[in-house]
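The values are calculated or read from the model by the stated rules, or taken from the named source; none is laboratory data. As the structure is a computational prediction, the values presented were derived from the model and not from experiment. Please note: Cβ atoms are built from the backbone with ideal geometry, for glycine as well, and neighbour counts cover all protein chains shown. Accessible surface areas use protein heavy atoms only, side chains included; no ligands, DNA or RNA. Shrake-Rupley method; radii C 1.70, N 1.55, O 1.52, S 1.80 Å.
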Number of protein chains: 4
Amino acid sequence: MASPIRVTVWNEGIHEKQSEKVRGIYPEGIHGAIAAHLKTQPGIKVVATATLDDPEQGLAEEVLAKTDVLIWWGHIGHDQVRDAIVDRVQKCVLEGMGLIVLHSAHYSKIFKRLMGTSGSLRWREARERERLWVVLPGHPIADGLPPYFELRETEMFGEVFDIPQPDELVFISWFEGGDVFRSGCCWHRGKGKVFFFGPGHQTHPIYHDANVLKVLTNGVRWAARREGSPMQFGCTQCKEPLSPIRPKENA
Amino acid sequence: MASPIRVTVWNEGIHEKQSEKVRGIYPEGIHGAIAAHLKTQPGIKVVATATLDDPEQGLAEEVLAKTDVLIWWGHIGHDQVRDAIVDRVQKCVLEGMGLIVLHSAHYSKIFKRLMGTSGSLRWREARERERLWVVLPGHPIADGLPPYFELRETEMFGEVFDIPQPDELVFISWFEGGDVFRSGCCWHRGKGKVFFFGPGHQTHPIYHDANVLKVLTNGVRWAARREGSPMQFGCTQCKEPLSPIRPKENA
Amino acid sequence: MASPIRVTVWNEGIHEKQSEKVRGIYPEGIHGAIAAHLKTQPGIKVVATATLDDPEQGLAEEVLAKTDVLIWWGHIGHDQVRDAIVDRVQKCVLEGMGLIVLHSAHYSKIFKRLMGTSGSLRWREARERERLWVVLPGHPIADGLPPYFELRETEMFGEVFDIPQPDELVFISWFEGGDVFRSGCCWHRGKGKVFFFGPGHQTHPIYHDANVLKVLTNGVRWAARREGSPMQFGCTQCKEPLSPIRPKENA
Amino acid sequence: MASPIRVTVWNEGIHEKQSEKVRGIYPEGIHGAIAAHLKTQPGIKVVATATLDDPEQGLAEEVLAKTDVLIWWGHIGHDQVRDAIVDRVQKCVLEGMGLIVLHSAHYSKIFKRLMGTSGSLRWREARERERLWVVLPGHPIADGLPPYFELRETEMFGEVFDIPQPDELVFISWFEGGDVFRSGCCWHRGKGKVFFFGPGHQTHPIYHDANVLKVLTNGVRWAARREGSPMQFGCTQCKEPLSPIRPKENA
């Protein structure tokens, strides 16, 4: 409990290079903004920020080995993420690393891999109001939040969202234009936990919003790697039965 | 996070008065044994032990008001618990108090109340071996446990167990005599959490077992009251819509 | 499969007596309107409609014994339903009868009994638009529905809705005034199934809407009593272990 | 409802070619045995059996297009299934085709793809007894089954089983040698349903057991493609908001 949660913030890092508008909102990149916030949170330590441009796309074995929670933002570079990297991240999650999947990363290879579904949804860019309602008010990710909070202008993400039913559904979003969305979803995968959080479009200053940042802090704490119980597979440890098996007459 | 989790251990307290054998195993009562263990655990504070003999059956408003997690053991005194006390405990759980329901308390009024089912199961007293398998190895309640652990002699509790599907199923028990049982089950109820744990018969020294005690410690940490998000109900806070409603022509 | 699903439609039946407006919408009562629709559906047979005024409040043993799905509408008469009747209906559900809980019956004794929570929610009467989104499109209750459907004027029911997490969440509602609501929720309870459906206020002609009626038809088919597998409880059938238990040396 | 459920039974078909013992148990192949049973069941029509040796590995577009439920048995040929075929089957499931995954197909590409986990488990071949307990007795897949049934000799599959928590857990297996296993698991994926069923080793006559065959029949009926509600994705259908969005002043 005493040692801090080690977080790596990954962002494909493309919009910031291409768009002055995005740079204006996130001068240090989306990853930089999220990392800057998390660094101020007690019990959390940002061990790395990383992008597609980094060696091994920022997700080398040694980076993941020291990561308790990986935060993932991606949009137009999903296809550039190499399958071997996706394999590696999936393996780390199944072994206990937390994963926080943000906004358009609903379409990332790693999210689709861990969900088994298409991750598809409906969307609209119309600068509309989003209101996130807490529907599981005792969940750790809701700690300190009001019953709902608003984002004045967002991209709409709407149902139907092609995901497995969440193990825990924390937020449902209302959109001004008439849509709803399961915007805060939790799943177990192997020993790891996955949290999808809907808001976060690159041209809206979502990651400067106090409630959104609180969700990210809470999400990191909830998804953090735990000791848990070892996963044993295969036949080596069970060749010898734990209890006696009676011989059976041949039929 | 800094303030300790305040635990009240409730036990009907009847077997200990009636049976020398039970007193031999639990000289301070089942509640006493559990409390003695929890007192040694960092971050946990036992604020009370209580039994049916105490004023207001040990569960006065002021006791519950300072309780973050209530542990409940009962067996032959379920019917003696007054309905008003059950109402009170249920209300506390819905408002965020954790509840850990042990062994034959599957038939307690409070468990049946919170589940909505009969809590019925199959059982057998035959001094048989129970082996608890961890099936959700990244869950906080599994922290530090081996892939399975054994209890040499237990009462069998077996399926079908009439409960709602758990939000999280942590343990499944194997019994020597041929039965299985969902022996570690988690549910959200309102802002509170409920954890049912199967082992714990009064004539077996279950609450002296190191793994069982670890489960109780982990269970307390998992079920502990959190800040969460406020629950608002009724019409007072929503008379004025958050977004404008257009007048409709009369049909 | 061949024999029709036997449905009883229960309605407290108070508004229709007190309000000309309600009688105008539902001349035969809400129960009458629902029954009239269901009677036209293949494979479904309405065996009874019933209200508080009927003998045993309309829910005599013999009525329930021939009921595969019970539909429940209540609002201002919840407290008049006798506890013994609630006990009886709960027992029938646990033994396999389906239950469809409509609108303000979120506060009925039977729904609170089966859920274990308060059933509380937020509400507003402002003649606003409701849009129900299908979020589990392969679920039987969604059969034949469009991706969303609208009700032009409804009472708002909003989150937070104090219910256990549904086993299956089929609909989420969007409200013009800014709220969302889990308006189509499924649970297993014992051998029975429970479906809660949000729309249905007495002063809006909700049960004349084609999509709502389709939901009710689908709900009846989904919740219908099935053969299933017998539930066995207690010790009679398990005194003799199924597999041998080895004698244990005394410790 | 009137038209029969169209089933394709797929089996890699390798053991039967290599082992006289397996041929002895399944002269027409595992797929043949399952198909022979299903053909006798009312409302079910076997449209194809298929193996790795068939054109397009037996899973051509036109085969899948006429399949409501696909049954999958595989073991030593998982790697031979081409990724393009896995993509195709996954797409069909998300669009509504049911999938029944048998025994060692817990390690098939398609199961791992749809689950997002490794599908790993513990196993032992020791000719031991398996007892399957029904834990969700009102579920369609439990129709007509006793509270438990036995298989005299099976391969042990044991926990921990690396799967997402099932939406519905129907069976838990007890093994003579001391293990337990979630042997009947249901999930929604997109518009489709997935049922994993544990028993079925090639050297035990599992698919000649009356209870196992009943489970397969029930599984087919449960997983069958339904009309459901259309899934709409992307931006085409939501460019125009359903409700008006107010212009926002620039900040």
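For residue B:178, indicate whether it is at positive phi, crowded, with 22+ Cβ neighbours inside 10 Å, more than 8 Å from chain C (Cβ to nearest Cβ) and in a loop (DSSP other than H, G, I, E, B). Answer is no for this residue.
Table: residues versus (1) crowded, with 23+ Cβ neighbours inside 10 Å; (2) of a type in the set (S, T, N, Q).
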position: A:68; (1), (2): no, no
position: A:74; (1), (2): yes, no
position: A:77; (1), (2): no, no
position: A:81; (1), (2): no, no
position: A:86; (1), (2): no, no
position: A:93; (1), (2): yes, no
position: A:98; (1), (2): yes, no
position: A:108; (1), (2): yes, yes
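Take residue B:210 and decide whether it is out of contact with any Asp or Glu (no Cβ under 7 Å at 6 or more places or on another chain) and more than 30 Å from residue A:135 (Cβ to Cβ). So residue B:210 passes the test. Entry remark, the range A:144-162: residues being more than 12 Å from chain B (Cβ to nearest Cβ) and not charged (D, E, K, R) number 7 in total. Residues of the range A:87-120 that are touching a Phe, Trp or Tyr at 6+ places or on another chain (Cβ under 6 Å), facing chain D (nearest Cβ under 10 Å) and not polar (S, T, N, Q): A:119 alone. Being of a type in the set (A, V, I, L, M) and in a strand (DSSP E or B) is the filter; apply it to the range A:163-175 and report the residue that is farthest from the other protein chains (Cβ to nearest Cβ). The selected residue is A:170.
Among the residues of the range C:42-79, those that are out of contact with any Gly (no Cβ under 9 Å at 6 or more places or on another chain) and in a helix (DSSP H, G or I) comprise C:55, C:56, C:57, C:61, C:62, C:63, C:64, C:65, C:78, C:79. Select from the range A:186-239 the residues that are among the aliphatic types (A, V, I, L, M) and in a loop (DSSP other than H, G, I, E, B) and write down the one among them that is most open to solvent (accessible area, probe 1.4 Å). Residue satisfying both the conditions and the ranking: A:231.
Number of residues in the range A:121-138 that are outside any loop (DSSP other than H, G, I, E, B), within 7 Å of another protein chain (Cβ to nearest Cβ) and more than 22 Å from residue A:217 (Cβ to Cβ): the value is 6.
Only residues that are assigned to a helix (DSSP H, G or I) and not polar (S, T, N, Q) were counted across the range B:94-119, and they come to 12.
Taking (1) over 20 Å from the mean Cα position of the chain (by Cα); (2) open to solvent by less than 10 Å² (accessible area, probe 1.4 Å) in turn, residue B:147 satisfies each apart from (2). In the set A:206, A:245, A:141, only one residue is more than 14 Å from chain D (Cβ to nearest Cβ) and of a type outside the set (Gly, Ala, Ser); that residue is A:141. Residues in the range B:1-33 that are among the polar types (S, T, N, Q) and in a loop (DSSP other than H, G, I, E, B) were compared, and the one that is farthest from residue B:72 (Cα to Cα) is B:3.
Restricting attention to the range D:10-33 and to residues that are β-branched (Val, Ile, Thr) and farther than 14 Å from residue D:58 by Cβ, the residue that is least open to solvent (accessible area, probe 1.4 Å) turns out to be D:22.
Of the residues making up the range A:183-195, just one is under 18 Å from residue C:171 (Cα atoms) and either within 7 Å of another protein chain (Cβ to nearest Cβ) or in contact with a helix residue (DSSP H, G or I) (Cβ under 9 Å, 6 or more places away or on another chain) (or both), namely A:184. The set of residues in the range A:210-240 that are hydrophobic (A, V, I, L, M, F, W, C) and within 14 Å of chain D (Cβ to nearest Cβ) comprises A:231, A:233, A:235, A:238.
Within the range C:38-51, identify whether any single residue is over 19 Å from residue C:224 (Cβ atoms) and surrounded by fewer than 20 Cβ atoms within 10 Å (Cβ to Cβ), and answer yes or no. Among the residues of the range C:38-51, not one is over 19 Å from residue C:224 (Cβ atoms) and surrounded by fewer than 20 Cβ atoms within 10 Å (Cβ to Cβ), which makes the answer no. Here is the figure for the range A:51-78: residues that are of a type outside the set (Ser, Thr, Tyr), touching a strand residue (DSSP E or B) at 6+ places or on another chain (Cβ under 8 Å) and under 19 Å from residue A:197 (Cβ atoms) total 7.
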